[in-house]
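S.K.: Here you go, one structure.
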Amino acid sequence: VSTQSTGTMEYAEGVNLVDVPQLRSAGFDLGDIMKKLVRVFGEQVFNTGHVHSDPHPGNILVRKDKNGKTEVVLIDHGLYERLSPTLRQAFAAFWHSVIIEDDETVQRSGREMGLAHPDIFATILFFKAYGKMKKFGFGGGSHRVPSDLSEEERREMEEVRSMGHEMFNSLPKQLGLVIRNIRLTQGINLSFGIPVNRTRLMAEIAVKYSHRDTDLWTSIKQRMKFEWHFLYLDVRNRLLEWAAWVYSLWTRNQTKDGDRTDLTQAVAFLRA
């Protein structure tokens, strides 16, 4: 029994997620672990609102239950964030609406979360230019030094910088810790070799709790946009992987000692 002055703890056995070779040798399915982990955190973020904000690999164990099924055990519950029903409902609607490009709901739910510039937050969250960020050339196009920019382009870059400051200043503390949870989970997926589509699994949970009241035809169109979004990302990432491989070969041929610039990890981070 725990009181204000006494904490009761339980000893939990299991294999730490830091030791990937041991997980494999113990017969654990890394994809199964990631699916369960993403679903646990997705339910916390979009449903219960009680979010573990320090889920690094050392704070997660896995073990087999009496039936031989994999259990995920979260430990070290010292850093949690509590999301209000309004905030988690708005975040679920925001996540879903960015994917199906429902800009009206993106802007509304972004304001409900207290964000100054929802477009910037969407771009950071999904690593894909959204809304105004497309106009400013984020997510593609040429990359030039400031001296090569026109006066209009310089003004646009200054506007983006100002918007970025305003967005980060408006970001609620609770969402900052949620993003920490999301990025740590992304890192675990990367260390496992990306066995699952993490963003799609999170999106499915967001859809479940976004509570969109639509007719059948609108629901079908939204589902088609949902599928198209992830098809586009899959094709984009595969093309980036190919381009990174070609670039690494080119840089190796351009240097005397055969060194090459390896961009594959950067592309893998986008996929994770």
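The values are calculated or read from the model by the stated rules, or taken from the named source; none is laboratory data. Remember, predicted model here, so these are calculated numbers, not experimental data. Note: ideal-geometry Cβ built from the backbone for every residue, glycine included; neighbour counts use all protein chains shown. Please note that ligands, DNA and RNA were not included when accessible areas were found on the heavy atoms of the full protein model with its side chains. Shrake-Rupley method; radii C 1.70, N 1.55, O 1.52, S 1.80 Å.
S.K.: Which shape class applies to the chain: rounded if a/c is under 1.5, otherwise prolate when a/b exceeds b/c and oblate if not, where a ≥ b ≥ c are the square roots of the Cα gyration tensor eigenvalues?
M.R.: Values: a/c = 1.72, a/b = 1.22, b/c = 1.41.
It is oblate, given that a/c is not under 1.5 and a/b is not larger than b/c.
S.K.: In addition: Keeping the other protein chains in place, figure out the carbon and sulfur percent of the accessible area of the range 159-214, with a 1.4 Å probe.
M.R.: 53 percent
S.K.: Something else: Per residue of the range 81-91, what does 6.51 cos²θ - 1.76 cosθ + 1.60 with θ = phi - 60° give for ³J(HN,Hα)? Whole Hz please, x for Gly and Pro, Karplus curve as stated.
M.R.: Once θ is set to phi - 60°, the couplings for the range 81-91 become 10, 9, 9, 5, x, 5, 5, 6, 5, 5, 5 Hz.
S.K.: How about LYS35: which aspartates and glutamates have a C-alpha closer than 20 Å to its C-alpha, ignoring those fewer than 8 places off in the same chain?
M.R.: ASP19, GLU43, ASP54, ASP65, GLU71, GLU204, GLU227, ASP234
S.K.: As a check on your grasp of the helix formula, calculate [θ] at 222 nm for the chain: sum -39500 (n - 2.57) over DSSP H runs of n ≥ 4, divide by the residue count, round to the nearest 500.
M.R.: Values: 11 runs with 158 residues, N = 272.
Roughly -19000 deg cm²/dmol at 222 nm, from the helical runs in the chain.
S.K.: According to the square roots a ≥ b ≥ c of the eigenvalues of the Cα gyration tensor, what is the shape class of the range 15-152, taking rounded for a/c under 1.5, prolate for a/b larger than b/c otherwise, and oblate for the remainder?
M.R.: Note, shape of the range 15-152 comes out prolate.
S.K.: How far apart, in nm, are two points set 7 Å out from the Cα along the Cα-to-Cβ line at LYS69 and at ARG39?
M.R.: Roughly 0.8 nm, to one decimal.
S.K.: Still on this structure, please answer the following. Show me, for the range 118-135, the HN-Hα J-couplings you get by feeding each phi into the Karplus relation (A = 6.51, B = -1.76, C = 1.60, θ = phi - 60°), rounded to Hz, glycine and proline as x.
M.R.: Couplings: x, 4, 5, 4, 5, 5, 5, 5, 10, 6, 8, 4, 10, x, 4, 5, 5, 4 Hz.
S.K.: What do you reckon, how do HIS77, HIS117, HIS211 stack up by accessible area (1.4 Å probe), largest on top?
M.R.: Details: HIS77 105, HIS117 35, HIS211 125 Å².
From most exposed to least exposed: HIS211, HIS77, HIS117.
S.K.: Per residue, how much accessible area does the range 1-124 have with a 1.4 Å probe, in Å²?
M.R.: 50 Å²
S.K.: Give me the percent of accessible area attributable to carbon and sulfur for the range 1-143, probe 1.4 angstrom.
M.R.: 51 percent
S.K.: Run through the range 13-113 and list the trypsin sites (Lys or Arg not before Pro) located in a DSSP loop whose Cβ has at most 13 other Cβ atoms within 10 Å.
M.R.: Of the trypsin sites (Lys or Arg not before Pro), the ones in loops of the range 13-113 whose Cβ has at most 13 other Cβ atoms within 10 Å are LYS66, LYS69.
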